[in-house]
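The values are calculated or read from the model by the stated rules, or taken from the named source; none is laboratory data. Here the structure is a predicted model, which is why all the values come from computation and not from measurement. Backbone-built Cβ (ideal geometry, glycine too); neighbour counts: all protein chains shown.
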Amino acid sequence: MARGRKVHGTAGLMVLLTAVAGWVDSVAYVRSGSVFVANQTGNAVFLAVQVAERWVPGTHQAGVLAGADTYGPFSSLLGFCIGVAVSVLPLRRSRRNGDGEAPWVLLAIEALLLASVIVLASTPRELRLGVAAAAMGVQSVYAARVAIRGISTTTLTGTLVTLISAFAEEPGRHARKGIVLLTLVWLAYTLGAWGGAAAGLTWSIGTVHGLAAAAVGLAALAVWWDRRGRLRSAAGVAGG
């Protein structure tokens with residue numbers, strides 16, 4: 001994907017989105033049978049374990065059972081892929097218009113998907129997992145479009161690699177700023193996961209996803225407002 005132009009507040013936005021990912025990931029884990037909606041690597045492992053348990057002779061006797069849940073991880077993986085696919089249309093439109101920024105409408109779509117979980121609270125968990133995972137797929141595409149090194153917002157492996165590597169590089173002001181941002185991203189996911197786990201164990205599914213939707217919705221509004229202001233300023237300069 002093309003690298004988008006950075007705008008004011010982008011780093012803070014990435015921290016917020018990472019916290020949201022940690023929040024919904026932990027809610028799904030504690031309320032929907034140990035399944036992730038953002039961390040798809042974990043779901044791939046869960047599915048692989050299920051395949052081993054079902055098809056490898058002697059696995060049951062060895063006591064390696066991890067619980068017979070194939071549909072949850074699969075629903076999440078499928079939903080995530082659908083979310084990524086849905087994001088293609090706004091990206092194409094953005095490119096056709098010659099816009100190098102990540103389209104704010106992706107955040108709006110993510111907020112709507114998270115909000116829809118409120119309505120789906122009483123439906124089978126596979127449907128809720130798929131929709132929440134689709135929201136995380138959209139968020140991942142947005143983060144990839146912003147293209148800040150080491151930040152994907154939905155998984156922290158790359159962030160950890162970049163963070164540790166930054167300590168080994170030649171120190172400097174730019175490196176220090178990067179280290180601070182990556183550290184904040186890591187803490188955001190951790191704190192978001194802690195809050196999501198606590199909320200998921202005490203609040204309703206609709207409430208916890210509604211809060212996540214509100215946070216992302218406000219972020220979409222902020223990005224739209226910032227872009228609108230910059231376009232007006234550019235038009236004023238061109239007209240003057």
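Could you please let me know if T153 is surrounded by fewer than 18 Cβ atoms within 10 Å (Cβ to Cβ), within 17 Å of G12 (Cβ to Cβ) and of a type in the set (S, T, Y)?
Here the answer is no, as T153 does not meet what is asked.
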Which ones in segment 129-150 are crowded, with 24+ Cβ neighbours inside 10 Å and either farther than 14 Å from A85 by Cα or charged (D, E, K, R) (or both)? L129, A132
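Of all residues being in a loop (DSSP other than H, G, I, E, B), at pLDDT 85 or above and not hydrophobic (A, V, I, L, M, F, W, C) in segment 67-114, which is nearest to F46 (Cα to Cα)? Just the residue, please.
In this case the residue turns out to be S87.
When the residues of segment 72-102 are narrowed to those that are basic (K, R) and more than 21 Å from A222 (Cα to Cα), which ends up surrounded by the fewest Cβ atoms within 10 Å (Cβ to Cβ)?
Of everything passing the filter in segment 72-102, R96 is surrounded by the fewest Cβ atoms within 10 Å (Cβ to Cβ).
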Taking segment 22-38 and keeping only residues that are of a type outside the set (V, I, T) and surrounded by fewer than 24 Cβ atoms within 10 Å (Cβ to Cβ), one is left with Y29, R31, S32, G33, S34
Total residues in segment 36-53, condition closer than 14 Å to A134 by Cβ and assigned to a loop (DSSP other than H, G, I, E, B): 3
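Does A199 satisfy the condition of being surrounded by 15 or more Cβ atoms within 10 Å (Cβ to Cβ) and closer than 19 Å to D25 by Cβ?
Judged against the criteria, A199 is a match.
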